[in-house]
């Protein structure tokens, strides 16, 4: 048993977290369609995984309007960024690699 | 059989993480690489045209009429400016927050400084600066500013590549002006575009990063 953070240790969610960590500075938010484009995932699949990350407090979802169009913004929370880094460190330690 | 998510191989996950990171970086810098290529082409075509102009040019090959040369120059530069503005606005799309603000302010610093340089040169021309001096000074002022803005961009995004390009631009402006007219047009047509293309190719191949990613 590796006891890697199970919230992140799933291919789709790892890709989401990697993308958010890479694109967003603290306080930045990305729209749902922009994130979807970066990941090449279906909207349904992305929604499911974002809900799990949201439940863990790793991402924050803000629903707002751009004119009449509803827009969802996705942000990486400080605890989400911390968890992602801890996961990456843990993974590299397990593999004995260098960072 | 359905595998438990916890059983995913750590090595495969590391590879997945690296692949997604590369993919995200390519997406982030695609506009930047494209912009460098567009400007390299604009400089090469535009400055080669004025270097080949009938009266003020310096090319040993058959020359083109003066108005044609300057029209070509104007069209390619204007085209590159329009492309940059569109690409600049599009690169900020989908993101909001502090990065959006710094990107927007950086975009405006290009517009404001280029407009300022243009007005300044217009004032010097009105004050009676001779055409020979104007032909040396005008490109030098713009290229120097391009260099300064690359230096600032390099500092803002922690990008040594962009900073290095800024140094090359400033050196080009100084070198070209010392070389004098009309050779300076040839220098702008070659050194600038080559430097931009080198950075663009290195960025596209992932040899150097557009911005420092380890925080």
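Give the angle, between 0 and 90 degrees and rounded to the nearest 10, that separates the Cα long axis of helix A:78-95 from the longest principal axis of the Cα atoms of chain A.
Once rounded, one gets 30 degrees.
Only bridges with both residues in the protein assembly as shown count here: give the DSSP antiparallel percent, nearest 5.
Values: 12 of 13 bridges.
Counting only bridges with both partners in the protein assembly as shown, antiparallel ones make up about 90 percent.
Going by a ≥ b ≥ c, the root eigenvalues of the Cα gyration tensor, does the range B:27-204 fall in the rounded group (a/c under 1.5), the prolate group (a/b larger than b/c) or the oblate group? Walk me through the numbers before you get to the answer.
Numbers: a/c = 1.92, a/b = 1.66, b/c = 1.15.
Verdict is prolate for the range B:27-204.
Quick check on the range B:107-215: take the gyration tensor over C-alpha atoms, sort the square-rooted eigenvalues as a ≥ b ≥ c, and tell me if it's rounded (a/c under 1.5), prolate or oblate.
Details: a/c = 3.42, a/b = 1.73, b/c = 1.98.
Oblate shape, in that a/c is at least 1.5 and b/c is the bigger or equal ratio.
Be a star and scan the range B:77-101 for residues whose amide nitrogen sits under 16 Å from the point 7 Å along the Cα-to-Cβ vector of residue B:41.
Hits in the range B:77-101 for residue B:41 at 16 Å: B:77-87.
Once both axes come from the Cα atoms, what is the angle between helix B:131-156 and the longest principal axis of chain B, in degrees from 0 to 90, rounded to 10?
Between the helix axis and the principal axis of chain B, the angle is about 10 degrees.
How tilted is helix B:10-51 with respect to the longest principal axis of chain B? Cα atoms for both, answer in degrees (0 to 90, nearest 10).
10
In what order do B:61, B:39, B:118, B:110 fall by count of nearby beta-carbon atoms within 10 Å, going from fewest to most? Please list the in-between numbers first.
On the way: B:61 8, B:39 22, B:118 13, B:110 18.
Ascending number of Cβ neighbours within 10 Å: B:61, B:118, B:110, B:39.
Going by C-beta contacts inside 10 Å, put A:19, A:48 in order with the fewest on the left. The partial results should precede the final answer.
Values: A:19 22, A:48 13.
Neighbour counts put them in this order, fewest first: A:48, A:19.
Specify the residue with the greatest mean-square fluctuation among A:31, A:64, A:77, computed from a Gaussian network of chain A linking alpha-carbon atoms under 10 Å apart.
A:64
What full-extension length gain, to one decimal in nm, is calculated for residue B:27 and residue B:201 as 0.36 nm per residue of separation minus the Cα-Cα distance?
Working: separation 174, 0.36 × 174 = 62.64 nm, distance 1.50 nm.
Value of the extension gain: 61.1 nm.
What FRET efficiency do you get for residue B:171 and residue A:95 if R0 is 30 Å and r is their Cβ-Cβ distance, rounded to the nearest 0.05?
That gives a FRET efficiency of 0.10.
Rank the residues A:37, A:69 as a footprinting-exposure proxy: fewest other Cβ atoms within 10 Å of their Cβ go first. Let's see the in-between values first.
Values: A:37 12, A:69 7.
Going from least to most buried by this count: A:69, A:37.
Can you give me the distance in nm between label points at residue B:81 and residue B:55, each placed 7 Å from the Cα along the Cα-to-Cβ direction?
Between residue B:81 and residue B:55, the simple spin-label model gives 2.4 nm.
Read-outs: derived from the displayed coordinates by stated rules, not from any lab. Just so it is clear, the structure is predicted and the values come from calculations on it, not from any experiment. For neighbour counting, all protein chains shown are included, and Cβ atoms are generated from backbone atoms with ideal geometry for every residue, glycine included.
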